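Asker: Quick one: this structure, given as structure tokens, is what I'll be asking you about.
The values are calculated or read from the model by the stated rules, or taken from the named source; none is laboratory data. Bear in mind that the values here come from a model prediction, so they are computed numbers and not experimental data. Cβ placement follows ideal geometry from the backbone for every residue including glycine, while neighbour counts extend to all protein chains displayed.
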Amino acid sequence: MPLRVTFDLEDADLRYFRKLMKKARDSVSADDEPTVIKQAAAVIEEIKAASVPAFVRSRIERLQSLVDMLEDEEWALAAKERGNVLAALKYFADPADLIPDEIPVLGYIDDAIMVELVVKDLKHEMEAFDDFCRYRKEEASRNRNSNISRKQYLDVKRRELQSRMRRRRTGRRVGRGSGSRPRFRLF
């Protein structure tokens, strides 16, 4: 019989996670990108092979989309957004994070919490990338008699989606809306 456990993170808890993400962001440079991607991919594979609770597995697997986003040459994410995604992956690539990953069952809880925060904060980037991947698949079945090449088509879609992503990100109003709590932002 499964047991459901829920908890609320207080503002102080969220500030602590924001501090951890800032530390990761400040410690990463563009030169670190291949290493961070490799380490994050290794963590993802380790978790897939490990016996971890389903709630951890379902959250950690979302990281693969972030790795894919950075590795996708056609997506060509701009430096600022690459930095945000890289900082998120840097946190997960560190096995000595808040709760060491070697601790059975509990070791990935902090990672699962941070994934929730990262996914929420990088929502627009992830949605745009998912849409781009969908457009790329659709492009393969598109009528080849048109005057636009595959590269041109994907360039246009990428620019449209990345523009939408930036508009949505800057359009967010922290703490505004119908009685909602102020949003937690990592980046």
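Asker: Restricting to the range 13-46, count the residues that are out of contact with any helix residue (DSSP H, G or I) (no Cβ under 7 Å at 6 or more places or on another chain) and farther than 15 Å from ASP110 by Cα.
Answerer: Residues that pass the stated criteria total 13.
Asker: Restrict the check to the range 75-89 and report whether at least one residue is over 14 Å from GLU125 (Cα atoms) and more than 15 Å from the chain's Cα centre (by Cα).
Answerer: no
Asker: Counting only residues that are in contact with a Leu (Cβ under 8 Å, 6 or more places away or on another chain) and modelled with pLDDT of 90 or more, how many does the range 41-81 have?
Answerer: Residues in the range 41-81 being in contact with a Leu (Cβ under 8 Å, 6 or more places away or on another chain) and modelled with pLDDT of 90 or more: 6 in total.
Asker: Hey, does the range 15-23 have a residue that's in contact (Cβ under 8 Å) with a residue 60 or more places away in the chain and aromatic (Phe, Trp, Tyr)?
Answerer: Yes, there is a match, as at least one residue in the range 15-23 is in contact (Cβ under 8 Å) with a residue 60 or more places away in the chain and aromatic (Phe, Trp, Tyr).
Asker: Would you check if LEU106 is among the aliphatic types (A, V, I, L, M) and either at pLDDT 80 or above or in contact with a helix residue (DSSP H, G or I) (Cβ under 7 Å, 6 or more places away or on another chain) (or both)?
Answerer: When the stated conditions are applied, LEU106 does not pass them.
Asker: Here's another thing I want to ask about it. Within the range 85-95, can you find the residues that are under 12 Å from LYS23 (Cα atoms) and assigned to a helix (DSSP H, G or I)?
Answerer: Once the filter is applied, which keeps residues that are under 12 Å from LYS23 (Cα atoms) and assigned to a helix (DSSP H, G or I), the range 85-95 yields ALA87, ALA88, LYS90, TYR91.
Asker: Can you name the condition, by its number, that VAL52 falls short on among (1) of a type outside the set (D, E, K, R); (2) part of a helix (DSSP H, G or I); (3) surrounded by 15 or more Cβ atoms within 10 Å (Cβ to Cβ)?
Answerer: Result: VAL52 passes all but (2).
Asker: Applying the selection to the range 24-40, what residues are touching a residue at least 24 places away in the same chain (Cβ under 8 Å), surrounded by fewer than 17 Cβ atoms within 10 Å (Cβ to Cβ) and charged (D, E, K, R)?
Answerer: ASP32
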